[in-house]
1. Among Gly105, Gly147, Gly58, which one shows the biggest mean-square fluctuation in a GNM of the chain, springs joining Cα atoms closer than 10 Å?
2. Order the peptides 130-138, 42-50 from the highest to the lowest mean number of other Cβ atoms within 10 Å of their residues.
3. With r defined as the distance between the Cβ atoms of His89 and Ile39 and R0 fixed at 35 Å, what FRET efficiency is calculated, to the nearest 0.05?
4. Could you calculate the FRET efficiency of Thr50 with Met157 from 1/(1 + (r/R0)^6), where r is the beta carbon distance between them and R0 is 35 Å, rounded to 0.05?
5. Keeping all protein chains in place, calculate the accessible area per residue for the chain (probe 1.4 angstrom), answer in Å².
6. Tell me the label only: which of [x] 39; [y] 27; [z] 17 is percent of Cα pairs over 29 Å apart as calculated from this structure?
7. Using a 1.4 Å probe on the protein chains only, how many percent of the accessible area of the chain belongs to carbon and sulfur?
8. Going by alpha carbons, how many degrees (0 to 90, nearest 10) lie between the helix axis of 65-87 and the longest principal axis of the chain?
Amino acid sequence: MTATTSPTTVHVSPRTAVLPVHALWGAAGGLVGGIGMGIWMSVSKPMMDTAMITMVAGLLGSTSALAGWLIHLAIAVSAGAGFGVLLGHLVRGPVPGVLLGLVYGVAWWVLGALWIMPANMGMPVFELNDVTRSSLGAHLVFGALLGLAYAFIAKAMAGGRTGGS
């Protein structure tokens, strides 16, 4: 049994909290990666002088850069939490964190930029063009920063250890 109760307290085993902790560390790393990626998307204009961040706003029918940032950061934090849950236990330091983050970033590029976003906006899916190529760069930035931030957060929060428990 991992939890016991008494009339006033709950005692929980450290193993019980592993996934939520990794999710929190991943969400924080996702915020760091999302800020880096958002900067890339704010300055990258691969299509008719339109910043990529405003294209993200189009997911909800907006053209506002602020809406794009809010949508993007919500996705980045959620994706970061997923990284923590799925891959956090494999992060044993900065180099593995960055490498896993890069792979994770490419996976999100395929899932999000090549499939979900174009499908939601009535555009062709899995098409390589200037927008999707620039988006690959943005997703690599996201993944690298996510993995690096996760490694440092995990080390700091785990008292010098990184990765899983």
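The values are calculated or read from the model by the stated rules, or taken from the named source; none is laboratory data. Just so it is clear, the model here is predicted, and its values are computed rather than measured. When we count neighbours, we look across all protein chains shown, and the Cβ atoms used for this are built from the backbone with ideal geometry, even at glycine. For the accessible areas, the whole protein counts, side chains as well, though only heavy atoms, and no ligand, DNA or RNA atoms are used. Shrake-Rupley method; radii C 1.70, N 1.55, O 1.52, S 1.80 Å.
1. Gly58
2. Working: 130-138: 17.7, 42-50: 13.1.
Averaged packing, sorted descending, gives the order 130-138, 42-50.
3. Working: r = 29 Å, r/R0 = 0.84.
Given R0 = 35 Å and the Cβ-Cβ separation, E is 0.75.
4. Working: r = 40 Å, r/R0 = 1.13.
With a Förster radius of 35 Å, E is 0.30.
5. Details: 8770 Å² over 165 residues.
Spelled out: the 1.4 Å probe surface of the chain, per residue, equals 53 Å².
6. The value computed from this structure is option [y].
7. Numbers: 6450 of 8770 Å².
It is 74 percent, rounded to a whole number.
8. With both axes taken from Cα atoms, the answer is about 40 degrees.
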